[in-house]
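Engineer: Starting off with a structure, shown below.
Values quoted throughout were computed directly from the atomic coordinates according to the rules given, and no laboratory measurement underlies them. The shown structure was predicted, so the numbers you read here are calculated from the model rather than taken from an experiment. Quick reminder, even Gly has a Cβ in these numbers, built from the backbone with ideal geometry, and neighbours come from all protein chains shown.
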Amino acid sequence: MKCHAAAILFLLLASFTGAQQMPPAQPALHVTAEDLLARPVGENWTSYNGDYSGRRYSGLKEINKSNVSQLRAAWVFHPGNSQRLEATPVVVRGVMYVTSANDVFALDARTGRTLWHYSRPISSGLLDDAAAHKSRGVAVWDNFVYSQTDDAHLLCLDARSGNLLWDVQIADKVKQYGGTSAPLVVKDEVVVGTSGGDSGVRGFVAAYDARTGKFRWRLWTIPAPGEFGSDSWPGDLYLHGGATTWMPGTYDPELDTLYWTTSNAAPDFDGTVRPGDNLYTACVLAIDATSGKLKWYFQFTPHDVYDYDANETPVLVDIEENGSTRHLLLQANRNGFFYVLDRSNGKFLRATPFLEKITWANGIDASGRPLPSGKLPSTEGTTICPGIVGATNWFSPSYNPDTGLLYVMALENCDLYFSKTKEFTQGETFYSTGTKRSPDGHSQKILLAISPADGKKVWQYPQVGRGNSWGGTLATAGGLVFFCDDANSLEAVDAENGHPLWYFNTGQLFVASPMTYSVNGAQYVAISAGSDLFSFALPH
C-alpha cells in the first residue's frame, strides 16, 4: 500500500511540473565547461550551432565522400504539436534534446525513443513569430536543460527527468515580446534574446544565473533618450524600434566576448518617422560576457527600411594572413553582401556581393557603409532586390577549416515594397505596410561556397524549386556539406567543388538546419523537416 501511494504521489508531482515521465530517469548529464568549449564538436553537439564559433563544423568523418551514398534513415520522431519544426537538436552522450513549440523532449539519440517529455501549453495573445509558437532549440549545462517559451519565459529543466526546476519571465508578452531562440550558456550564465522586432518592442540581450535563474545583466539594443545613438529615435519611439535578438549569438572565450546580432528597425518600411542610422538595429554587437557591457558594434544596414535584419549567424574563424593569425567574424548578411570584420575590435575589412541582383545599394564604401541607390518603399510600390526574405536569412551557414570556405544558402529574389505611415498601436504589428511578389516572379535558391580571403564565390549549386526552403547547412571533416535543398530533400555535396553525392526526400518543407553526432562510434546526421525529426546513419 505504501509503494502504491508513493507511486501515485510521484505521478501527481510529474503532472504538476509538466514532465511526462517515460522510462526510468537517465544518468546525470553533467555538461562541463570542457564539453561546451570543445572545438570542433565530435561525438556531442552541445549547442545550437555545435560549438561557440557558429561554424556548424563537426570533426566526425565516419560518413564521408566515399560512403555517403549509402546513408539511410535510421529513425523518425514525430512530436505531434507542430507542422513547422525549426529546432536544431542538441546531443550529449547519446541523449538528444529537442523542442517543438513549448514542449521539450529527451530522446535516445540512437533510436529516437522518447526518454521524457516536458509539456507546456502554447500561449495566447501573441503576435507574429511568437504567435506561430516557433522554437529553435535548447541549451545544456551541468545537469540542466534550458528552453525559451513563446511568451518570453526561460525554463530550466532537470536533464534526467524533465521536471521543471525554475521559470523566469524574460519580458512581458503584453508588450508584444516573444521567445523563439535557443538560449546560449556561457560559463555559468544563460544568455537569451527575444522576438518581436516587427511588433513594436525595444530589443535587448540578457543573462541569468544558470543554476538559480537570478538576473545577471541586460543590454538594451536601442538607446534611451540622452544615450549615444538616441537622436534617431524621436519621442518614445525607442520603446518600439525593434532591434530584437531572436537568434543565438556566438562567443570567443579568449576575448570573453559575445557576438550577438540584432533585427530590423520598426516600423519596418517607413523610415520618415525615425531619421538617422537607428542604432543598434541591423547590427552585430560585441558584448563583454561577464558584465554585459557593449565593446563595439558594426551596423550592416543603417536606417533599414527593407527588413534586412542582421540575425544571420556571426561566424568566428581564425585565418593565417601574411604570416599572422587574423581573428575574423564572417557574416553573409540578409542585405546581399558578405562581410569580414576583425572581431577583436570590430574593424571593417571587406564586403562583397554574393547575389547577382542587388538594387537597394550600389556597393559598400571603405568604412563599411552602404552606398544607397535611392530605391525606397513607396505608396505605389518600388521593386527592390533582394526581397523581403533577404539574400539569406536565419537558417545556418557553415565553415570548413580544411577547405577554408563558408557555405550559405542564398536566394535570388526581388519584391515590391510599399510604405504608409502608421502610428504604433498596442496589440498590432508595426510594419507600416509591406511587400508583394515582384511582377517577374523569379525566385531561386543557390548553395554558395564563399572564400573569406577575397569574398569571391568558389562554386555554386543552383536549386530547382520555388525558393521556399528555409533550411541551412552543415560542414563535416568527412569532406561533406549537408544542406536542405529547395525540393524537400536533405542533400550532401563535396565540400571542395559542390558535386552532389546523396539526397533523401523528406516530402516536407525545411525550416531548420542540420547537425551531426555520434553514439557508440556510429555517426548520425539529423534534421527537422516539416512536422518530423529525421536521423540518418550508415548501415551497420
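Engineer: How do 206-218, 284-296 rank on mean C-beta neighbours within 10 Å, highest first?
Structural biologist: 284-296, 206-218
Engineer: Now a separate question. How big is D for the range 259-385, in µm² s⁻¹ as a whole number, if Stokes-Einstein is applied with the Kirkwood radius of its Cα pairs at 20 °C and 1.002 mPa s?
Structural biologist: Estimated diffusion coefficient is 139 µm²/s.
Engineer: What nm value, rounded to one decimal, do you get for the distance between Tyr503 and Thr272 when each label is placed 7 Å out toward the C-beta?
Structural biologist: My value for the distance between the label points is 4.7 nm.
Engineer: Continuing with the same structure: Treating only the Cβ atoms of Lys and Arg (+1) and Asp and Glu (-1) as charged, compute the dipole magnitude of the chain about its Cα centre; round to the nearest 20 debye.
Structural biologist: That gives a dipole near 640 debye.
Engineer: Name the residue from Thr392, Gly455, Ala282 whose Cα lies farthest towards the positive end of the charge dipole of the range 2-506, charges +1 on Cβ of Lys and Arg and -1 on Cβ of Asp and Glu.
Structural biologist: Among Thr392, Gly455, Ala282, the one farthest towards the positive end of the dipole of the range 2-506 is Thr392.
Engineer: While we're looking at this one, here's another question. Please report Rg over Rh for the range 109-184, where both radii come from the alpha carbon positions and Rh follows the Kirkwood definition.
Structural biologist: 1.00
Engineer: Something else now. Calculate, in nm to one decimal, what Lys420 and Gln83 gain on full extension: separation in residues at 0.36 nm each, minus their alpha carbon distance.
Structural biologist: Going from the current span to full extension adds 118.0 nm.
Engineer: Just name one of Pro267, Gly381, Ala106: the one whose Cα is farthest towards the positive end of the charge dipole of the chain (beta-carbon charges, Lys/Arg +1, Asp/Glu -1).
Structural biologist: Projecting each Cα onto the dipole axis, the largest value belongs to Ala106.
Engineer: While we're here: Counting each DSSP H run of 4 or more residues in the chain as -39500 (n - 2.57), what helix-only mean residue ellipticity at 222 nm follows after dividing by all residues, to the nearest 500 deg cm²/dmol?
Structural biologist: My calculation for the chain gives -1500 deg cm²/dmol from helical runs alone.
Engineer: Within a 10 angstrom radius of the beta carbon, how do Thr506, Thr425, Thr149 rank from fewest other beta carbons to most?
Structural biologist: Neighbour counts put them in this order, fewest first: Thr425, Thr506, Thr149.
Engineer: Let me ask something additional. According to a simple spin-label model (label point 7 Å from Cα along Cα-to-Cβ), what is the distance in nm between Ser291 and Leu349?
Structural biologist: For the pair Leu349/Ser291, the computed spacing is 2.7 nm.
Engineer: Another question, if that's okay. Give or take rounding to whole Å, what are the principal axis extents of the alpha carbon atoms in the chain, in descending order?
Structural biologist: 77, 53, 47
Engineer: Something else: Return the distance in nm (one decimal) between the two label points of a simple spin-label model at Asn322 and Arg211, each offset 7 Å from Cα along Cα→Cβ.
Structural biologist: A separation of 4.8 nm, rounded to one decimal place.
Engineer: Given a Förster radius of 56 Å and the C-beta distance between Asp172 and His540 as r, what FRET efficiency does 1/(1 + (r/R0)^6) yield to the nearest 0.05?
Structural biologist: With a Förster radius of 56 Å, E is 0.65.
Engineer: Along the Cα-to-Cβ line of Lys187, 7 Å from the Cα, sits a label point; which residues in the range 248-268 have backbone N less than 13 Å from it?
Structural biologist: 252-258
Engineer: Do any trypsin sites (Lys or Arg not before Pro) in the range 379-470 lie in a loop, going by DSSP, with at most 16 other beta-carbon atoms within 10 Å of their beta carbon, and if so which?
Structural biologist: Taking the range 379-470 and a limit of 16 other Cβ atoms within 10 Å, the loop trypsin sites (Lys or Arg not before Pro) found are Lys420, Lys422, Lys456, Arg466.
Engineer: Okay, which of the range 129-157 sit inside 14 Å, backbone N to the point 7 Å along the Cα-Cβ direction of Leu239?
Structural biologist: Inside the label zone: nothing.
Engineer: Another question about this same structure. If you plug each phi of the range 501-515 into the Karplus form 6.51 cos²θ - 1.76 cosθ + 1.60 with θ = phi - 60°, what whole-Hz ³J(HN,Hα) values come out, in order, with x for Gly and Pro?
Structural biologist: 10, 6, 8, 9, 7, 7, x, 9, 6, 8, 9, 7, 10, x, 8
Engineer: Highest mean first, what order results for 188-198, 310-320 on Cβ atoms within 10 Å?
Structural biologist: By packing density, highest mean first, the sequence is 188-198, 310-320.
Engineer: A follow-up question, please. Pairs to check: Lys187/Lys457; Lys214/Lys295; Lys214/Lys347; Lys436/Lys457; Lys175/Lys293. Give those whose C-alpha atoms are more than 27 Å from each other in this structure.
Structural biologist: Lys187/Lys457; Lys214/Lys347; Lys436/Lys457, as the Cα separations exceed 27 Å there.
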